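This report concerns only the one structure given below.
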Amino acid sequence: MKAKCAVNARTPVPVPAVDWDAVREDLRGLNVITAPAQRKQLSKDFYWYSPILTAQLAGCVADLVVKVSTEDDVRQAAAVAAKWRLPLTVRAGGTGNYGQCVPLEGGIVLDVTQMCRVLDIRQGSMRVEAGARMHDIDLAARETGQALRMWPSTWHVASIGGFIAGGFGGIGSFRHGILRDPGNLLRARVMTVEREPRVIELHGDQIQQVHHAYGTNGVILDVEVALSPAVEWVHCTVLFETYRGALDFGIAAQAPSLDIFLLSTVEARFSPYYTAMRDRFPIDRHAVFTMVSPASMEEFRALADAHGGTISVAGTEAELLADGLPPAYECAFNHTTLQALKADRGWTYLQVAYAQPFDPSVVERHLRIFGDDVLQHQDFARAGGECGTFGILLVRWKGEAHQYELIREIESQGGCQIFNPHVVTIEDGGMKTIDTQQIDFKKRSDPMGLMNPGKTRGWTPDMAVDR
């Protein structure tokens, strides 16, 4: 078995030929998958949102997949990878969009979805294994009157380990900030990839060494995350005649007196893709999707009325589901792209961070110059205590050259920064610079450079040591 892939971001270090029979013998006792169809399936994520990555990553397949369910399983698999100098790529739900869990150089894919136990829940925090699904974690927290502070829109499938290793923020970031903000991530335990693997425990800001590192520098075993008191959020849709009206309302709704969990604007041309919304999101109206505290609803209604908005939906998640309507979080973040792709695979997307204070005229200009090539959708979130504005733009696919022409145009004015979802490396996607603390940690946790090779430009083959 030899994986082939169109992307190879580094020059591999020459290694002796692998005796795969011997490797499988070393993995005895573990759940090892060799069937080609399963290996192919477990070597993919949602990179198909990008036509560029779809072409580049089509041939990337693990030589073996190992499903682990305990810490000892991980230790055995990591030791075998080190012994044979095999690339090791960790995966769970596979809901990422950038090929984070795609093995560019074959080797072993380590599937941690069976490591899904809740280890401890206390007031203000919970500790869970990395493969636990976000929705399941939240249900467990709610039994104690608490809830997760944030989660991705794919939380029914996404794992907590994958969210920390590849995520940035999500539903709840308007209220609680992004993942890297202090107080959100409390502790993590990480297994090293060496002949004799060790466990390293990280606390507080130390977790930034593995957060958003794409699983390049250690296997996350379990994490402790902060909880907040549970709230029965009111899911609201507010309609406006103009998109500028929706954006202005989004800015006004940032008032400190309002307790809001989610705040996103979506322009009218998305309406045909939101079939579950029926007449609650008509083709001639632009929408703001929110999750509002019951205590803030009176002020929220008054604000919507003052801005000329009409509330077409207002109810708890259970009430919306009973009426056949989607919760607000399924109408925001990258679920907007997913809704469109379900109907028309001719779309892709771009991610934008806008200069603050946010100027809606920048979006109005993009509406004029891009026409039907780009549909607008903005999410509001806090980072470092300040409110930020981010766009997940639906882009008509007209080839790679057209995509990068759009990127250049957007970044040329208005202080906009693109987080490029059409590349596989951390730095080129959004970080823009190499995070030296993550590379320094990789030297400790993955000294041979085996973890998820090709996903960071900060690691070069000359850094590897045989350990």
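The values are calculated or read from the model by the stated rules, or taken from the named source; none is laboratory data. If you're wondering where the values come from, they're calculated on a predicted model, not measured in any experiment. Don't worry about glycine lacking a Cβ; one is built from the backbone with ideal geometry, like all the others, and counts go over all protein chains shown. Just the protein is used for accessible areas: all its heavy atoms, side chains included, with ligands, DNA and RNA removed. Shrake-Rupley method; radii C 1.70, N 1.55, O 1.52, S 1.80 Å.
Tabulated data for the structure shown
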quantity	calculated
Rounded to 10°, Cα long-axis angle of helix 360-370 versus longest principal axis of the chain	80
Extension gain (nm, one decimal) between Glu405 and Val231, 0.36 nm per residue minus Cα-Cα	58.3 nm
Over the stretch 90-207, equivalent-ellipsoid semi-axes from the Cα gyration tensor in Å	23, 17, 14
Zone of Glu196's modelled label, taken as backbone nitrogen in the stretch 68-111 under 14 Å from a point 7 Å along Cα→Cβ	79
Efficiency of FRET from Cβ geometry, Asp428 and Ala55, R₀ 25 Å, rounded to 0.05	0.90
The stretch 26-66: trypsin sites (Lys or Arg not before Pro) falling in loop per DSSP and having at most 11 other Cβ within 10 Å	Arg28
Where Arg127, Arg467 fall by accessible area, highest first, once all protein chains stay in place (1.4 Å)	Arg467, Arg127
Qualifying aspartates and glutamates (Cα of each under 20 Å from Cα of Lys398; at least 8 residues distant if same chain)	Asp344, Asp372, Asp373, Glu409, Glu411
Contour excess over end-to-end distance, with Cα ends at Thr34 and Asp21 and 0.36 nm allotted per residue	3.5 nm
J(HN,Hα) series, the stretch 322-332, from Karplus relation 6.51 cos²θ - 1.76 cosθ + 1.60, nearest Hz, glycine and proline x	5, 8, x, 9, x, x, 4, 5, 8, 10, 9
Dipole axis of the chain (+1 Lys, Arg; -1 Asp, Glu on Cβ), positive-most option in Pro326, Val61, Thr348	Val61
MRE, 222 nm, helices only [DSSP H, n ≥ 4, -39500 (n - 2.57), over the chain, to nearest 500]	-7500 deg cm²/dmol
Rounded to 10°, Cα long-axis angle of helix 243-252 versus longest principal axis of the chain	80
Sequence-distant residues sharing a close amide H with Asp222 (under 5 Å, placed H)	Ala130, Arg189
Point-to-point label distance, Leu367-Met463, nm (Cα→Cβ direction, 7 Å offset)	4.5
Under the Karplus curve 6.51 cos²θ - 1.76 cosθ + 1.60, θ = phi - 60°, whole-Hz ³J(HN,Hα) for the stretch 92-101, x wherever Gly or Pro sits	9, x, x, 8, x, 10, 10, x, 4, 9
Rounded FRET efficiency, nearest 0.05, which uses the C-beta distance separating Asp120 from Arg244 and R0 of 51 Å	0.60
Unpartnered cysteines - no second Cys beta carbon under 4.7 Å - across the chain	Cys101, Cys116, Cys236, Cys331, Cys387, Cys416
Translational diffusion coefficient (Stokes-Einstein; Kirkwood radius from C-alpha pairs) of the stretch 226-352 at 25 °C, 0.890 mPa s, in µm²/s	164
